[in-house]
Amino acid sequence: MNWDYPRPHSNELLVSDHDIDGMGHTNNACYIAWCEQVAWSHSAELGLTIADYQTLDRGVAIRHASYDYYLPSFSGDRLLIGTWLTHCDGKLRLQRRFQLINPASEQTILRGCWDLVGIRVSTGKPSRFPQEFLRSYGAAVIDTEKN
């Protein structure tokens, strides 16, 4: 697979009839939901679940999201979505990138990027990352300069 970066955390998707909009292709909202699903899956693999966020009273929230849509997808398409953590400042900011590929054509459907900020879950206000976040998320950040 022609991933933008090595060793993505990935999920396989099957586009269903329910994902299709009035234009006859996958609705953009589905792509955003799939990014959220793979992000949570990756977070859980790294050892931080929503239950951990609640216990620690810490989390990350999207400060800015951007998506570049390159090609449509259709009902019945099997897709792969990959994600990477690409930056952690060690204090408050984290960046996550996404790539959605159609393996049959090996073409990229979408690329996305989230700029995230650490928050206190109970207030929603910015808060420094606890050590658990630095150990899990910080250690998973990839070097994007090599690509």
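A few points about this structure:
- The residues of the range 14-45 that are hydrophobic (A, V, I, L, M, F, W, C) and touching an Asp or Glu at 6+ places or on another chain (Cβ under 8 Å), listed by number, are LEU14, VAL15, CYS30.
Condition check ((1) open to solvent by 30 Å² or more (accessible area, probe 1.4 Å); (2) in contact with a helix residue (DSSP H, G or I) (Cβ under 8 Å, 6 or more places away or on another chain); (3) assigned to a helix (DSSP H, G or I); (4) in contact (Cβ under 8 Å) with a residue 24 or more places away in the chain) across all residues:
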site	(1), (2), (3), (4)
GLN37	yes, no, yes, yes
LEU48	no, yes, no, yes
SER66	yes, no, no, yes
PRO72	yes, no, no, yes
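- The one condition in (1) on the phi < 0 side of the Ramachandran plot; (2) over 14 Å from the mean Cα position of the chain (by Cα) that GLY76 fails to fulfil: (1)
- Scanning the range 74-133 for residues that are in a strand (DSSP E or B), open to solvent by 60 Å² or more (accessible area, probe 1.4 Å) and over 15 Å from TYR5 (Cβ atoms) gives ARG78, ARG93, GLN107, PRO126.
- Which numbered condition ALA29 misses (of (1) assigned to a helix (DSSP H, G or I); (2) open to solvent by less than 70 Å² (accessible area, probe 1.4 Å); (3) within 19 Å of PRO130 (Cβ to Cβ)): (3)
- Meets criteria (open to solvent by 50 Å² or more (accessible area, probe 1.4 Å), touching a residue at least 24 places away in the same chain (Cβ under 8 Å), within 27 Å of THR144 (Cα to Cα) and not in a strand (DSSP E or B)) for TRP3: yes
- If you filter the range 106-131 down to residues that are out of contact with any Gly (no Cβ under 8 Å at 6 or more places or on another chain) and of a type in the set (A, V, I, L, M), you find that the one that is nearest to ARG96 (Cα to Cα) is LEU116.
- Considering residues of the range 6-26 that are part of a strand (DSSP E or B) and of a type in the set (A, V, I, L, M) only, the residue least open to solvent (accessible area, probe 1.4 Å): LEU13
- Residue list for the range 74-99, restricted to those being closer than 24 Å to GLY24 by Cβ and touching a helix residue (DSSP H, G or I) at 6+ places or on another chain (Cβ under 6 Å): SER75, ILE81, PHE98
- Residue match in the range 52-63 (condition: open to solvent by less than 40 Å² (accessible area, probe 1.4 Å), assigned to a strand (DSSP E or B) and in contact with a Phe, Trp or Tyr (Cβ under 9 Å, 6 or more places away or on another chain)): yes
The values are calculated or read from the model by the stated rules, or taken from the named source; none is laboratory data. Since the model is a prediction, treat every value here as computed from it, not as a measurement. Neighbour counts run over all protein chains shown; Cβ positions are idealised from the backbone, glycine included. The area values use the complete protein model at the heavy-atom level, side chains included, leaving out ligands, DNA and RNA. Shrake-Rupley method; radii C 1.70, N 1.55, O 1.52, S 1.80 Å.
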